[in-house]
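Here the structure comes first, spelled out in structure tokens, and everything after it is commentary.
The values are calculated or read from the model by the stated rules, or taken from the named source; none is laboratory data. Note that the coordinates shown come from a computational prediction; the quantities given were computed from them, not determined experimentally. Here the Cβ positions follow ideal geometry from the backbone for every residue, glycine too, while neighbour counts run over all protein chains shown.
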């Protein structure tokens, strides 16, 4: 059940994150003013990604994969590319991505120019989006 919620919420996170990145790039290239709407878009993506992280932690520790990892040991998990992707790479890269989103949001608040605010969001959120896209278990996502 939690895995299903984690999967469906991921669509929402991706949409909000893509929207935030595109908004930041458009604001940066058009040199427009960073308004409350832009702040809210970035904040919404931040909140959605943090909720996804919490759901992911619950899904991870209640999954059969976690039990399998405890049974076979970390050495066997690292030898199996599918288990390694699900149990090691996916969570670690997700944590790194959400950390980048958090840093980007925090840093943009300290910027004094509109260009700098949009640029900070575009860079940090953009890298986070690429990391997330690189570690989504696509085969499992589309087989559900």
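In the range 30-66, what residues are under 30 Å from residue 80 (Cα atoms), surrounded by fewer than 16 Cβ atoms within 10 Å (Cβ to Cβ) and within 20 Å of the chain's Cα centre (by Cα)?
Once the filter is applied, which keeps residues that are under 30 Å from residue 80 (Cα atoms), surrounded by fewer than 16 Cβ atoms within 10 Å (Cβ to Cβ) and within 20 Å of the chain's Cα centre (by Cα), the range 30-66 yields 50, 51, 54, 57, 58, 61.
Give me the pairs, please: first residue somewhere in the range 104-116 and on the phi < 0 side of the Ramachandran plot, second residue anywhere and surrounded by fewer than 16 Cβ atoms within 10 Å (Cβ to Cβ) and part of a helix (DSSP H, G or I), beta-carbon distance under 8 Å, and either six or more positions apart or on two chains.
105/43; 108/116
For the structure I just gave you, tell me whether residue 101 is free of Cβ contacts under 8 Å to residues at least 40 places away in the same chain, within 18 Å of residue 41 (Cα to Cα) and part of a helix (DSSP H, G or I).
no
From 78, 69, grab the single residue that is at pLDDT below 90, assigned to a helix (DSSP H, G or I) and at negative phi.
So the residue among 78, 69 that is at pLDDT below 90, assigned to a helix (DSSP H, G or I) and at negative phi is 69.
Which number in (1) touching a helix residue (DSSP H, G or I) at 6+ places or on another chain (Cβ under 8 Å); (2) within 19 Å of residue 110 (Cα to Cα); (3) in a helix (DSSP H, G or I) marks the one condition that residue 33 misses?
Unmet condition: (3).
Hey, residue 15 hits all of (1) in contact with a helix residue (DSSP H, G or I) (Cβ under 6 Å, 6 or more places away or on another chain); (2) at pLDDT 95 or above but one; which does it fall short on?
(1)
Here are 27, 75: which of them is over 18 Å from residue 3 (Cβ atoms), without any contact (Cβ under 8 Å) to a residue 60 or more places away in the chain and either over 20 Å from the mean Cα position of the chain (by Cα) or exposed (fewer than 15 other Cβ atoms within 10 Å of the Cβ) (or both)?
The match here is 75.
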